[in-house]
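These notes concern the structure reproduced below.
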Amino acid sequence: MTFPPPPYQYKWLRPKGFLTTDTYKTYGNASDWVDEWHNMPVSDCQQWKKETVVSPVDTDVLVKDTPTTTPIPSNKSIAYITYGYLKPGSEPRFEMFIKGALETWLQGNDLYYVLNLQFQEKLESICMQEGYQEICSRLYPIYVQCTERYYGASPCCKMEQGLLKMIQEHDNYEWYVYQDDDMYIRTDYLEEFVKPLPSHEAMVLTAKPTRELGHTWDGDHRLRNNCSSHVDFKYPWGQPIIYSKPALQEVSNGFALKAMSDICQKFGITHDVGNPILHWMYLLPEVRLPTIPARDTPSYGRIDRPSPLMGMHGFGRPNGRTTRNTTDVHQAFSQYTYPTPPYQYTWHRPKGYMQTETYRLYGNASSWKDTWHTIPISDCQGPVHDPWSNSSTST
């Protein structure tokens, strides 16, 4: 009987109970002890001290062992970014999703809003209206110049131009959340979830199971690009997508080279199907978030029993019974506490790109300075190159 072949998925846990003990309070980190060892007494391992402890050398905060329904203040280490449009007739959408978010789940947080430059005057006029001043004080527009359509090249362009400006002008965050405007996220849950993760390393956080590259939900064309189903040729759907700062810095050169626009055009897809291809070509490891369902249905997750859910996407659409607005969703989630730490983390780093003809010819995407090379569709259909053979010319 043979053992399962790689690649494997790894779950890891970083216990921090020692930070709550009397031994830690008295002597600090064991790694700092030079001349003497201090065994903790048995009493230190018998009970979690019900208090908050901050390590002087580890900025992770341990919370009490009882769940809370009170939202914790934002630690300001997470940037929330969305995109939109202000065409005539779109005001109700702005009020539901942008104003609604800032008044509910983004209370105490700022929101960066990627918007075409042509709508600057419209946004400024909205923000002058009664009832909008407070939310507009936390709404920061990022103006771009892209075509204006719902699907395809337009949102791909907005993503690359918006995130490029974001990392250039606002590089003071540890994490960058990019999402559609009809997304709801439990910010307190997310803040707890990312605390143990090494934000100084390049990684992305995703919420969906892996699926084939270029995989769409467009009727009969569900797999229209016929990309391989091998685990190394799959990557989770990019909605939402959360970058560590180093990850966003790494892909920013691709954004500057208009990588997203090129990928979306060549594969005939939109931004949340295109960004997985970009991240796959950058060989970015991804950590799986708790579920963020795309529908409020029993098979995808119900917000009337949402404990394990981190949020929901597409809540402004009919769910078969009603159309929920932001306030409805926020009230539903606020009735339940989110799961408390410690959490388990599942991550995956697919390396199928290293088996493509594009990799053989051009090497790592992170090394491209002047020209972007989107993989042809044939490259996503299965391995054509062994990166570990003697013939490898990777850089």
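Here are the numbers for this structure:
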item: Neighbour cut-off at most 15 other Cβ (10 Å), DSSP loop, trypsin sites (Lys or Arg not before Pro), the range 144-216; result: Arg149
item: Karplus-derived HN-Hα couplings along the range 174-179 (A = 6.51, B = -1.76, C = 1.60, θ = phi - 60°), whole Hz, x at Gly and Pro; result: 8, 10, 10, 9, 10, 7
item: Three-way shape call for the range 326-366 based on the alpha-carbon gyration tensor, with the a/c threshold at 1.5; result: prolate
item: Percent of Cα-Cα distances greater than 17 Å, calculated over the range 83-152; result: 39
item: Pairwise label distance in nanometres, Val231 with Lys369, each label 7 Å out on the Cα-Cβ vector; result: 3.8
item: Rounded to whole Hz, the Karplus (6.51, -1.76, 1.60) HN-Hα couplings of the range 343-351, x for glycine and proline; result: 9, 9, 10, 10, 9, 8, 10, x, 10
item: Which listed pairs, of Lys158/Lys234; Lys195/Lys258; Lys158/Lys208; Lys25/Lys245; Lys122/Lys208, have C-alpha distances above 28 Å, in listed order; result: Lys195/Lys258; Lys25/Lys245; Lys122/Lys208
item: Cβ charges +1 (Lys, Arg) and -1 (Asp, Glu), total dipole of the range 112-228, debye; result: 400
item: Normalised per residue, the volume of the convex hull around the Cα set of the range 89-215 (Å³); result: 142
item: Relative contact order of the range 107-223, pairs being alpha-carbon contacts under 8 Å that are 6 or more residues apart, as %; result: 19
item: Near-label residues of the range 133-147 by backbone N, under 18 Å of a point 7 Å along Cα→Cβ of Glu121; result: 143-146
item: Protein accessible area in the range 93-207, 1.4 Å probe - carbon and sulfur %; result: 47
item: Dimensions in Å of the range 129-171 - Rg and Dmax from alpha carbons; result: 13.2, 35
item: Amide hydrogen neighbours beyond the local backbone of Gly363, cut-off 5 Å, H modeled; result: Thr395
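The values are calculated or read from the model by the stated rules, or taken from the named source; none is laboratory data. Fair warning: this is a prediction, and the values are worked out from it, not measured in the lab. Ideal geometry is used to build each Cβ from the backbone, glycine not excepted, and the neighbour counts take in all protein chains shown. These accessible areas exclude ligands, DNA and RNA; they are computed on the full protein's heavy atoms, side chains included. Shrake-Rupley method; radii C 1.70, N 1.55, O 1.52, S 1.80 Å.
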